[in-house]
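Before any comments, here is the structure.
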Amino acid sequence: MTAEEMPMGLTTGAFVKSRLGHDKGGCFFILREEGEYIYLVDGKSRRLNCPKKKKKKHVEPLLWEKHSPGVKIRENKSVTDEEIKHFIRCFKREEQVVRR
């Protein structure tokens with residue numbers, strides 16, 4: 001896959017949703033990139049010390065928020081699993097309210 005074919009918004013710190021696999025529908029932050037692969041964390045089952053390796057084409061970007069843990073990840077600042085887990089929990093709660 002060339003740089004032109006890469007999905008937009010899939011950079012370190014981005015907030016994404018898994019499109020395929022056993023974690024389909026799950027929300028994650030991109031911890032780092034290596035070629036066509038990204039390493040994902042959710043603060044719960046995939047913590048900072050054991051990220052999920054996934055191909056970029058198997059996720060879709062959700063949003064970019066100024067105050068998300070993704071900003072800290074992108075700037076190489078200290079971030080905790082609790083911050084990540086809390087942000088994802090709040091996002092899912094808002095998403096459910098909007099759907100009703």
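The values are calculated or read from the model by the stated rules, or taken from the named source; none is laboratory data. Computed from a prediction, not measured in an experiment: that's the story for all the values here. Virtual Cβ from ideal backbone geometry, glycine too; neighbours counted across all protein chains shown. Remember, those area values only see protein heavy atoms, side chains included, never the ligands or the DNA or RNA. Shrake-Rupley method; radii C 1.70, N 1.55, O 1.52, S 1.80 Å.
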Next on the checklist: From the helices alone, meaning DSSP H stretches of at least four residues, give me the mean residue ellipticity at 222 nm for the chain, per-run term -39500 (n - 2.57), in deg cm²/dmol to the nearest 500.
Outcome noted: -8000 deg cm²/dmol
Checklist entry - Which of the peptides 49-55, 36-42 is most tightly packed, and how do the rest follow, going by the mean number of other Cβ atoms within 10 Å of each residue? => result 36-42, 49-55
Item to check | Rounded FRET efficiency, nearest 0.05, which uses the C-beta distance separating C90 from E60 and R0 of 35 Å | outcome: 0.95
Checklist entry - Restricting to lysine pairs 8 or more places apart or on different chains, what number in the stretch 37-100 have Cα atoms under 16 Å apart? => result 7
Checklist outcome for this item: Rounded to whole Å², per residue accessible area for the chain with a 1.4 Å probe reads 66
Checklist outcome for this item: Among (i) 0.95; (ii) 1.27; (iii) 1.00, the value of Rg/Rh (Cα atoms, Kirkwood Rh) computed for this structure carries the label (i)
Checklist outcome for this item: Counting only protein heavy atoms with a 1.4 Å probe and every protein chain in place, the carbon and sulfur fraction of the accessible surface of the chain in whole percent equals 49
